[in-house]
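For reference, the structure discussed in these notes is given below.
The values are calculated or read from the model by the stated rules, or taken from the named source; none is laboratory data. Computed from a prediction, not measured in an experiment: that's the story for all the values here. Positions of Cβ are backbone-derived with ideal geometry, glycine not excepted, and every protein chain shown enters the neighbour counts. Ligands, DNA and RNA are excluded from the accessible area calculation, which covers all protein heavy atoms including side chains. Shrake-Rupley method; radii C 1.70, N 1.55, O 1.52, S 1.80 Å.
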Amino acid sequence: MSAQPVQPATPTTDLPIEPRVPERPALEGLEERWDARWNQAQTYRFDTGATRDRVYSIDTPPPTVSGSLHVGHVFSYTHTDIVARYQRMAGKQVFYPMGWDDNGLPTERRVQNYYGVRCDPSLPYEPGFVPPHDGDAKSVKAADQVPVSRRNFVELCERLSGEDEKQFEALWRRLGLSIDWSQTYQTIGSSARAASQRAFLRNLARGEVYQAEAPTLWDVTFRTAVAQAELEDRVTPGAYHRIGFHSLAADKPVYIETTRPELLPACVALVAHPDDARYQPLFGTTVRTPLFDVEVPVVAHRLAEPDKGSGIAMICTFGDVTDVVWWRELHLPTRAILGWDGRLLANPPLGLDSPGGRAVYDEIAGKTPFSARARLVELLGESGDLVGAPTPITHPVKFFEKGDRPLEIVTTRQWYIRNGGLDGGVRAALLARGRELRWYPDFMRVRYENWVEGLTSDWLISRQRFFGVPFPVWYPLDDDGAPDYAQPLAASESSLPVDPSSDTPPGYSPSQRGMPGGFVGDPDVMDTWATSSLTPEIAGGWSTDSDLFARVFPMDLRPQAQDIIRTWLFATVVRSHLEFNSLPFANAAISGFILDPDRKKMSKSKGNVVTPMGLLERHGSDAVRYWAASARLGTDAEFSEGQMKIGRRLAIKLLNASKFALGFLTEGGPRLSPEAVTEPLDRACLAALAEVVERSGAALAEYDHTRALELTETFFWTFCDNYIELIKDRVHGRAGEVAAASARAALGLALDAVLRLFAPFLPFATEEVWSWWHQGSVHLASWPSGGNLREAAAGATRDALDAAGAVLTALRKVKSEAKVSMRAEIESAEIGVPSALFAAADSAHGDIAAAGRTRVLTLTPTNADTPTIIAATLA
RNA sequence: GGGCGCGUAGCUCAGUUGGCAGAGCAGCUCCCUUACAAGGAGCAGGUCACAGGUUCAAGUCCUGUUGCGCCCACCA
């Protein structure tokens with residue numbers, strides 16, 4: 001994406017230079033200026049020569065390019081950037097790539113709507129294809145979309161994604177993400193397809209993927225199988241229909257209650273709980289289905305719930321996943337009636353033989369379940385088998401998360417990856433991986449464990465779609481032209497990526513496609529998670545750049561949202577566990593969501609929608625980052641422009657305080673010599689800062705950015721409001737040159753450290769100030785050293801700073817109560833100081849008196865907790 | 001039905017191994033301009049959801065209750 005540089009940017013020196021401070025420092029324009037400079041200087045470029053122990057690698061979430069970025073993205077990507085910037089300053093080479101997710105249904109739909117085309121893998125590639133529309137083809141009906149080959153479709157996708165990527169990159173740059181823009185990938189790109197197919201082939205060779213013909217949850221709109229991870233329950237209205245089955249063993253009908261009477265022709269048994277005395281006499285007998293007159297057994301199973309409906313249920317093939325369990329465990333026959341299109345099959349199922357039953361089935365064949373139900377309810381009413389009126393209820397129904405019609409269950413041949421859903425050993429190993437991974441916050445681990453423990457099937461990775469990564473396999477055709485699915489023909493790894501719909505398997509010629517004795521390509525594509533579960537491998541250059549891969553894999557960090565732990569995180573762990581027998585990353589940082597209770601009100605009154613770029617322009621990027629940084633990982637945060645204003649104020653304060661401090665460092669270059677710091681107050685300030693440096697760095701190393709920011713911010717306000725005020729007189733030289741030099745050196749040392757401390761949070765303001773008096777970037781400077789500051793403090797504690805600040809507060813209170821200006825002079829004051837603080841306060845006596853404009857200041861030890869005003873006389 | 005998280009000042013939230021309840025914002029009273037009015041000083045404001053228990057001592061640990069949010073769960 002970015003041009004290749006001649007050589008990696010040299011980490012430039014951060015030696016101080018003669019400060020050049022603007023007359024009126026401002027935040028405006030800093031984003032454009034510094035983004036351009038960082039880009040030009042390759043500030044964030046990953047050094048591909050760094051050894052693994054010096055590398056910190058991040059498995060960045062690839063945003064879906066067909067969607068749009070919102071404040072939630074700004075929020076969580078800022079958290080990651082803070083980590084990246086801290087690790088870089090802590091001495092690591094940071095591998096911080098960016099991926100674009102353009103694989104999957106959202107992109108497929110967007111390409112269709114944008115260009116007016118649809119993907120048809122049976123078509124040949126058409127070089128130079130020009131789509132019928134370019135920009136708005138939403139009104140084009142599905143039937144009028146121009147069919148194109150898969151390769152053409154993928155090309156259009158890449159073209160469209162390219163536009164989105166530019167906008168996304170512009171936003172990330174504006175936000176100040178320190179991404180290495182030479183490291184980008186697309187999930188539908190060639191290398192991602194190759195990686196996805198390579199991983200599949202290796203799984204296949206080791207027996208970790210397999211095909212099975214089995215009942216599968218099926219979306220009738222998209223006409224594709226759906227995986228367990230993509231399901232969601234929606235509470236949906238329905239109705240219990242009480243229907244009588246004719247019993248040969250009992251003298252009256254057996255009543256079941258069902259919400260899906262249209263599945264009556266698919267009924268293969270009735271089931272009740274083995275302990276249910278009402279139905280025990282019927283176990284082992286048979287009943288006949290109403291209307292269809294099919295003889296079915298009455299069976300017992302522990303999953304039948306006595307208090308649900310009438311306590312006895314009909315088992316159909318297949319109405320729900322419980323039916324599948326019953327069917328499998330009780331070895332029942334199959335009477336499928338639903339087709340891939342979600343309509344009832346044209347022909348009645350096996351065993352539906354009576355002329356009367358066939359006549360009824362003919363009436364509903366080809367109908368949707370909805371209309372078949374309506375007709376059957378009529379017929380059941382007429383025959384007297386339906387008792388009373390249906391009882392309306394609401395109940396949870398399974399949906400594809402992107403679909404809007406209930407899922408059906410259809411028997412199909414699919415590919416599965418063994419993920420522990422059916423294998424206790426694999427499951428235990430994956431649970432162990434979950435414990436091996438360090439989670440931030442730790443309780444998110446439970447979501448992983450709950451999910452793995454609740455798996456009921458292997459991971460279904462095939463989708464009956466056209467756009468996506470195809471399975472790199474073909475099937476030999478026998479002499480009758482029937483495929484032999486048991487003997488798939490695998491592509492060679494060196495040929496990847498392949499498209500079996502247009503490429504030819506090894507050992508065959510193109511003319512043998514579809515011919516007896518020839519071959520046919522696997523028509524399906526992989527689930528999008530089957531590819532995005534390989535982001536560490538794709539970004540890290542697995543099998544394409546083994547040198548890079550060895551330096552970055554396993555990654556150090558996976559940042560991601562909490563709602564895709566069961567999908568993205570778990571799937572990535574599965575693939576890495578199978579391929580490398582390791583975790584794909586050592587740490588997982590889980591972000592919370594953004595809550596916006598006032599969004600409606602805000603939009604209404606202001607008449608505009610909150611877009612990320614608008615926020616950045618309105619408040620400044622540092623301000624928005626400050627808001628994001630003030631929320632902890634894993635915690636939902638309130639969208640708060642008020643918090644952004646506070647961040648903005650902080651950034652401006654930083655500019656102004658820096659301007660003040662640097663004003664005293666202009667002559668003869670900045671003075672950062674620790675030996676010059678001799679005054680107790682100055683030493684105390686540096687001692688306090690040393691502690692902040694150490695605690696803040698420790699917090700960032702543990703992904704606790706809120707703590708780090710809070711520590712730094714608290715120190716900074718004390719620094720501005722108390723320390724600077726206390727030394728103002730002295731730094732001007734009114735207490736002599738030695739005392740002035742001490743203050744100036746301390747100011748310089750403190751400012752230097754404070755800028756580094758704030759750099760991960762406020763990259764623009766800190767870089768701006770840094771440039772006033774340093775060569776190079778603050779973002780390539782090292783994290784400040786607490787030890788150096790302690791050395792300059794020469795054994796002092798922070799007590800003098802705290803004590804002097806507290807006494808100064810007392811003097812300010814004198815003026816505040818007298819309602820006079822803080823500049824007003826006090827003739828004389830006697831302040832009682834807690835004994836424990838007395839020596840510390842007394843050591844800064846001159847500074848306090850000067851800052852408090854008190855001609856005669858007397859400090860007296862007392863037993864009170866805080867300094868108290870004993871006597872004061874205004875001048 | 002199971003699990004996880006949360007409940008602290010008007011609002012948003014800190015509160016570490018139990019040791020005198022904190023910050024910011026909002027509010028109130030003041031101070032204008034020699035780094036900064038997108039500034040500064042001061043003040044006021046809490047039954048730590050509720051009920052038990054452990055302890056010299058509980059916002060913090062244990063048990064239960066309750067409210068809110070999220071995740072999972074088997075559609076008869």
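Worth a mention:
Yes/no per residue for (1) in contact with a Pro (Cβ under 6 Å, 6 or more places away or on another chain); (2) farther than 24 Å from A:GLU579 by Cβ; (3) among the small types (Gly, Ala, Ser):
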position: A:ASP479; (1), (2), (3): yes, yes, no
position: A:PRO483; (1), (2), (3): no, yes, no
position: A:LEU489; (1), (2), (3): yes, no, no
position: A:SER501; (1), (2), (3): yes, yes, yes
position: A:THR504; (1), (2), (3): yes, yes, no
position: A:MET515; (1), (2), (3): no, yes, no
position: A:GLY518; (1), (2), (3): no, yes, yes
position: A:ASP527; (1), (2), (3): no, no, no
position: A:THR531; (1), (2), (3): no, no, no
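- Some residue of the range A:241-248 being of a type in the set (Val, Ile, Thr) and closer than 30 Å to A:ARG109 by Cβ: no
- A:GLY795 being open to solvent by 50 Å² or more (accessible area, probe 1.4 Å) and more than 14 Å from RNA strand B (Cβ to nearest atom): yes
- Note on the range A:352-366: residues that are touching a Pro at 6+ places or on another chain (Cβ under 7 Å) and open to solvent by 30 Å² or more (accessible area, probe 1.4 Å) amount to 1.
- Search result, residues across the range A:285-315 that are more than 9 Å from RNA strand B (Cβ to nearest atom) and either free of Cβ contacts under 8 Å to residues at least 24 places away in the same chain or part of a strand (DSSP E or B) (or both): A:THR286, A:VAL287, A:ARG288, A:GLU295, A:VAL296, A:PRO297, A:VAL298, A:VAL299, A:ALA300
Residue-by-condition table, conditions (1) among the aromatic types (Phe, Trp, Tyr); (2) in a loop (DSSP other than H, G, I, E, B); (3) open to solvent by less than 70 Å² (accessible area, probe 1.4 Å); (4) under 26 Å from A:VAL71 (Cα atoms):
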residue: A:GLN167; (1), (2), (3), (4): no, no, no, yes
residue: A:TRP172; (1), (2), (3), (4): yes, no, yes, yes
residue: A:ASP180; (1), (2), (3), (4): no, yes, yes, yes
residue: A:ARG202; (1), (2), (3), (4): no, no, yes, no
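- When residues in the range A:25-73 are screened for being closer than 26 Å to A:LEU569 by Cβ and open to solvent by less than 50 Å² (accessible area, probe 1.4 Å), 18 of them pass.
- Residue count for the range A:509-525, restricted to those that are under 25 Å from A:PHE153 (Cβ atoms), open to solvent by 40 Å² or more (accessible area, probe 1.4 Å) and in a loop (DSSP other than H, G, I, E, B): 2
- Selection count, the range A:432-463, where residues are within 14 Å of RNA strand B (Cβ to nearest atom) and not in a loop (DSSP other than H, G, I, E, B): 17
- All strands (runs of 3 or more DSSP E) inside the range A:51-119 with 1 or more residues being farther than 30 Å from A:VAL226 by Cα: A:55-57, A:93-95
- Taking the numbered list (1) under 19 Å from A:GLN228 (Cβ atoms); (2) open to solvent by 20 Å² or more (accessible area, probe 1.4 Å); (3) not in a loop (DSSP other than H, G, I, E, B) in turn, A:ALA374 passes all entries but (1).
- Residue within the range A:393-401 that is over 30 Å from A:ALA227 (Cα atoms) and within 16 Å of RNA strand B (Cβ to nearest atom) present: no
- Residue among A:GLY284, A:GLY319, A:GLY311 that alone is farther than 20 Å from A:LEU217 by Cα and open to solvent by less than 30 Å² (accessible area, probe 1.4 Å): A:GLY311
- Any chance A:GLY805 is open to solvent by less than 10 Å² (accessible area, probe 1.4 Å), within 15 Å of RNA strand B (Cβ to nearest atom), closer than 30 Å to A:VAL754 by Cα and modelled with pLDDT under 95: yes
- Only strands (runs of 3 or more DSSP E) whose full extent lies in the range A:825-875 are considered here, and the ones with at least 3 residues that are farther than 16 Å from A:ASN722 by Cβ, modelled with pLDDT under 95 and of a type outside the set (A, V, I, L, M) are A:826-834, A:854-862.
- Per the conditions (1) in contact (Cβ under 8 Å) with a residue 12 or more places away in the chain; (2) more than 54 Å from the chain's Cα centre (by Cα), the sole criterion not satisfied by A:PRO834 is (2).
- In the range A:97-118, the residues that are free of Cβ contacts under 8 Å to residues at least 60 places away in the same chain and open to solvent by 10 Å² or more (accessible area, probe 1.4 Å) reach residues that are among the hydrophobic types (A, V, I, L, M, F, W, C) and assigned to a helix (DSSP H, G or I) with C-beta atoms within less than 6 angstrom, at least six apart or across chains, in these pairs: A:TYR114/A:LEU160.
- Residues considered: A:VAL226, A:VAL235. Of these, the only one that is more than 30 Å from A:PRO306 (Cα to Cα), of a type in the set (A, V, I, L, M), within 16 Å of RNA strand B (Cβ to nearest atom) and within 32 Å of the chain's Cα centre (by Cα) is A:VAL226.
- Of all the listed residues (A:PRO5, A:PRO11, A:PRO19), the sole one being more than 23 Å from A:ALA550 (Cα to Cα), open to solvent by less than 50 Å² (accessible area, probe 1.4 Å) and at pLDDT below 85 is A:PRO19.
- Count - residues of the range A:217-256 that are among the hydroxyl-bearing types (Ser, Thr, Tyr), farther than 26 Å from A:GLU295 by Cα and buried (at least 18 other Cβ atoms within 10 Å of the Cβ): 1
- Residue within the range A:317-329 that is within 10 Å of RNA strand B (Cβ to nearest atom), more than 40 Å from the chain's Cα centre (by Cα) and not in a loop (DSSP other than H, G, I, E, B) present: no
- From A:SER782, A:SER771, residue being open to solvent by 10 Å² or more (accessible area, probe 1.4 Å), small (Gly, Ala, Ser) and in a loop (DSSP other than H, G, I, E, B): A:SER782
- Options A:LEU672, A:LEU595; residue that is within 11 Å of RNA strand B (Cβ to nearest atom), open to solvent by 40 Å² or more (accessible area, probe 1.4 Å), over 15 Å from A:GLU713 (Cβ atoms) and at pLDDT below 90: A:LEU595
- Hits in the range A:541-575 - residues which are within 16 Å of RNA strand B (Cβ to nearest atom) and touching a strand residue (DSSP E or B) at 6+ places or on another chain (Cβ under 8 Å): A:GLN560, A:ALA561, A:GLN562, A:ILE565, A:TRP568, A:LEU569, A:ALA571
A quick yes/no check of all residues on (1) open to solvent by 30 Å² or more (accessible area, probe 1.4 Å); (2) away from RNA strand B (no atom under 13 Å from the Cβ); (3) among the charged types (D, E, K, R); (4) over 25 Å from A:ASN587 (Cα atoms):
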| site | (1), (2), (3), (4) |
| --- | --- |
| A:THR678 | yes, yes, no, yes |
| A:ALA684 | no, yes, no, yes |
| A:LEU700 | no, yes, no, no |
| A:ALA708 | no, no, no, no |
| A:TYR723 | no, no, no, yes |
| A:ILE727 | no, no, no, yes |
| A:ALA750 | no, no, no, yes |
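- Candidate set from the range A:432-459 (those that are among the aromatic types (Phe, Trp, Tyr) and under 19 Å from A:TRP529 (Cβ atoms)); member that is most open to solvent (accessible area, probe 1.4 Å): A:TRP451
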